[in-house]
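A.B. asks: Sharing a structure, written as structure tokens. Questions coming.
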Amino acid sequence: MFGKTKVSLIAAVAAVLMMVLAPASQAEERVGDPFTLDVCPVSGAKLDSKGDPVVMILDGREVKFCCAGCKPQFEADPAGFIAKIDKLVIAQQKDFYPVQTCVVGGGKLGSMGDPIEMVVNNRHVRLCCAGCKDKLTADPVAFIAKLDKAVIAAQTKTYNLTQCPISGETLNANALNIVVGNRLVKLCCAGCEDKVKDDVSKIFAMLNTGKVTAEGSDEK
């Protein structure tokens, strides 16, 4: 009898621990795009100016800092710094926005006043009106997927890299298309995808120059 009670108690404790720990582990997973800026939102310094950047996940959104000292400052005013990040993200991504229609409502941007500029998990999204905001936040995955298709369609013809920015391998018709920060990135294989998201700023630099560099790829 005692043995059964002991086993039941252990099982109950294990179940409680799983319930407590599961949300914490899930909260550490990045949702959506990686951090696309190359500067620290707190100090304004380049992310790599003090060694490897410090990474934080806030409600699924990735944020990077130049050093551990900046993280507590961010945590003291997350809303203020997120607003600052959003402004920088919009400025960075707006020129690459692929469509003149709302990805949620389908209306023409500007037809109902100034478009609503939003950032969802580090991705700039433009909406026709405030009424579309709740729909976007309720199902961001579906609408970001729709935006991804528009980015690929708009940027494929003008894509300027002939090599995978990670491996240096020549791209062919079977290249993998991914979208990061509203920019198309073509890869030789799925194995390179996570490496793109580890250091987006280097990939963007290659897209800007049209040249794959050894510094930003596995090619030596």
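Read-outs: derived from the displayed coordinates by stated rules, not from any lab. Owing to the predicted nature of the structure, the values given are computational and were not obtained by experimental measurement. Neighbour counts run over all protein chains shown; Cβ positions are idealised from the backbone, glycine included.
A.B. asks: Take residue 28 and decide whether it is loosely packed, with under 14 Cβ neighbours inside 10 Å, in contact (Cβ under 8 Å) with a residue 24 or more places away in the chain and not small (Gly, Ala, Ser).
C.D. replies: yes
A.B. asks: Taking the stretch 121-174, which residues are within 18 Å of the chain's Cα centre (by Cα), outside any helix (DSSP H, G or I) and surrounded by fewer than 17 Cβ atoms within 10 Å (Cβ to Cβ)?
C.D. replies: 139
A.B. asks: Tell me, which residue of the stretch 49-61 that is surrounded by 12 or more Cβ atoms within 10 Å (Cβ to Cβ) and out of contact with any Asp or Glu (no Cβ under 8 Å at 6 or more places or on another chain) is farthest from residue 202 (Cα to Cα)?
C.D. replies: So, considering only residues that are surrounded by 12 or more Cβ atoms within 10 Å (Cβ to Cβ) and out of contact with any Asp or Glu (no Cβ under 8 Å at 6 or more places or on another chain), the one farthest from residue 202 (Cα to Cα) is 58.
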